[in-house]
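**Q** Quick one: the structure is below, and I'll ask about it shortly.
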Amino acid sequence: MSVGEREQWAVRVGRQDGEAERCRLLAAGLLDRTLRVRPDGTGHLLLPVLEPVEGAVRALFSPHAPRPELPRHELVGGIAILAEPDREAAERLRASRPSIRTVVAPIGHVEGPYRTRRFEVLAGEDSTVATVREHGLVFRVDLATVYFSARLSTERQRLLALVRPEERVLDMFAGAGPFALTLARVAGLVVAADINPAAVEAMVENCRANRVQNVLPLLADAARLPALFSRSFDRVVMNLPLSPVPFLPAAFSLCRPGGTIHLYHLQETEGEALPALAGYPVAKVSERRVRSYSPGRWHAVYDLQVGSEE
Ligand code: SAM
């Protein structure tokens, strides 16, 4: 036995059947993935297995080299975002997966009315344009000029499950359109506004690329939407978690009685947004956590069923 070798049960197969048998054992949970498949010197392969399955023999195997630990990162459509500008870690990360085109680190925090971050490219292609594939849709977004969070994908699917055919939906803070295009799969019409010209441009392009024809992208301040539309929306999405409260008058004046407002709110205690709802016609409220933001702070969503005025 050489240094590091380990005895294990082995299945012997012809070389031509090696890959198919490896996949079968893997699917059955029998393959010992810590050990390397090896030739047996007679033109056959030995596959390490965890149990003495029929025909198994004992054999010596070398272990796989331990995988180097990858630095913590967030992956958004081919762009890996590191917390710190560590170039050595960035190169290692980029080399670890062909799907990672670029590794970046933020310069500062999410900031300004467009909720964007500046980035430094540390490794790979010198571009901050991400192509995000999400539940059959493709979103192309320049992360340096338009907000995008891949971590809201599950939340988008939750809302999609609530939408009824022919609904009229309003997305007040639509960005590049991930909520709008997702909900448009079932809704009749989605009006999608954003104040950032780059976001609206990306949304128009994303509608075209996904052949979506029932989203109306609007370059507009959400506070001014009541001047353009009546109280006719069945559902209103308010994804501006840092400062949604000033836009509540617009949301309530656009959502019909019986309709739903999804109010996203960055908070430190449960029910923190409830006092801001006093005086609005709310028939029912449910609150849930969407994602953590920083230690002790999280994005919550309040689903508000709009009541009649009286
Ligand atoms: N809903 C998008 C998403 O999930 O990717 C974007 C959400 S991002 C947190 C908030 C967006 O609201 C940004 O794209 C920003 O430009 C936009 N915004 C900020 N103030 C606005 C306003 N007064 N009216 C319309 N859009 C606004």
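**Q** Scan segment 152-214 for GluC sites (Glu not before Pro) in coil per DSSP, keeping those whose Cβ has at most 11 other Cβ atoms within 10 Å, and list them by number.
**A** GLU166
**Q** Binned at 10 Å from 0, what are the whole-percent values of the Cα-Cα distance distribution for segment 182-310, short to long?
**A** 12, 39, 36, 13, 0
**Q** Tell me the relative contact order for segment 1-104 as a rounded percent, counting alpha carbon contacts under 8 Å between residues six or more apart.
**A** 27
**Q** I want the local charge near GLU5. Using Cβ-Cβ distances under 13 Å, sum +1 for each Lys or Arg and -1 for each Asp or Glu among the other residues.
**A** Here the charged neighbours net out to +3.
**Q** Work out, step by step, the length gained on full extension between SER99 and ARG24: first 0.36 nm times the residue separation, then minus their alpha carbon distance; give nm to one decimal.
**A** Between SER99 and ARG24, full extension yields 24.4 nm more.
**Q** Okay, moving on. For segment 129-238, what's the relative contact order in percent, using C-alpha pairs closer than 8 Å and at least 6 residues apart?
**A** Answer for segment 129-238 is 27 percent.
**Q** Considering the chain as a Gaussian network with a 10 Å cut-off on Cα pairs, which listed residue, GLY136, GLY271, GLY41, attains the greatest mean-square fluctuation?
**A** GLY41
**Q** OK, next. For every helix of n ≥ 4 consecutive DSSP H residues, a contribution of -39,500 (n - 2.57) applies; sum these over the chain, divide by its total residues, and give [θ] at 222 nm rounded to the nearest 500 deg cm²/dmol.
**A** -5000 deg cm²/dmol, from helical runs alone.
**Q** Classify segment 74-117 from the C-alpha gyration tensor, please: rounded if a/c falls under 1.5, else prolate or oblate depending on whether a/b exceeds b/c.
**A** The shape class here is oblate.
**Q** Please work out the FRET efficiency for the pair GLU272 and GLU91, using the Cβ-Cβ distance as r and a Förster radius of 51 Å; give the result to the nearest 0.05.
**A** 0.75
**Q** Relative contact order for the chain: what percent, with Cα pairs under 8 Å and sequence separation of 6 or more?
**A** 9
**Q** Angle check, please: helix 87-96 long axis (alpha carbons) against the longest principal axis of the chain (alpha carbons), in degrees 0 to 90, nearest 10.
**A** Helix 87-96 sits at roughly 70 degrees to that axis.
**Q** Could you work out the Rg to Rh ratio of segment 88-137, with Rh taken as the Kirkwood radius (inverse of the mean 1/r over all Cα pairs)?
**A** 1.03
**Q** Then there is this: Evaluate E = 1/(1 + (r/R0)^6) for ARG158 and TYR293, where r is the Cβ-Cβ distance and R0 equals 22 Å; express this FRET efficiency to the nearest 0.05.
**A** With R0 = 22 Å, the Cβ-Cβ based efficiency is 0.75.
**Q** So, one more: Nearest 0.05, what FRET efficiency do THR34 and ARG72 give at R0 = 22 Å with Cβ-Cβ as r?
**A** After rounding, the FRET efficiency stands at 0.35.
**Q** Distance between Cα centroids, segment 32-57 to segment 148-217: provide it in whole Å.
**A** Using only Cα atoms, the two centres lie 51 Å from each other.
**Q** Translational diffusion coefficient of segment 31-122 at 25 °C, 0.890 mPa s, Stokes-Einstein with Kirkwood Rh over Cα pairs, in µm²/s as a whole number.
**A** Stokes-Einstein gives a translational diffusion coefficient of 146 µm²/s.
**Q** Okay, moving on. How big is the shadow of the Cα convex hull of segment 110-217, averaged over all directions, in nm²?
**A** Mean projected area of the Cα convex hull: 6.8 nm².
**Q** Taking a quarter of the surface of the Cα convex hull of segment 1-42, what do you get in nm²?
**A** Across all orientations, segment 1-42 yields a mean hull projection of 3.4 nm².
**Q** Over the chain, how many percent of alpha carbon pairs lie in each 10 Å bin up to the one with the longest distance?
**A** Answer for the chain: a P(r) of 6, 21, 24, 17, 14, 11, 6, 2, 0 percent.
**Q** Which trypsin sites (Lys or Arg not before Pro) in segment 188-297 sit in a loop by DSSP (not H, G, I, E or B) and have at most 11 other Cβ atoms within 10 Å of their own Cβ?
**A** Qualifying residues, ordered by number: ARG211.
Each value in this text was obtained by applying a stated rule to the coordinates, not by laboratory testing. Nothing here was measured: the structure is a model prediction, and the numbers come from that model. So basically every Cβ, Gly included, is an ideal-geometry build from the backbone, and we count neighbours across all protein chains shown.
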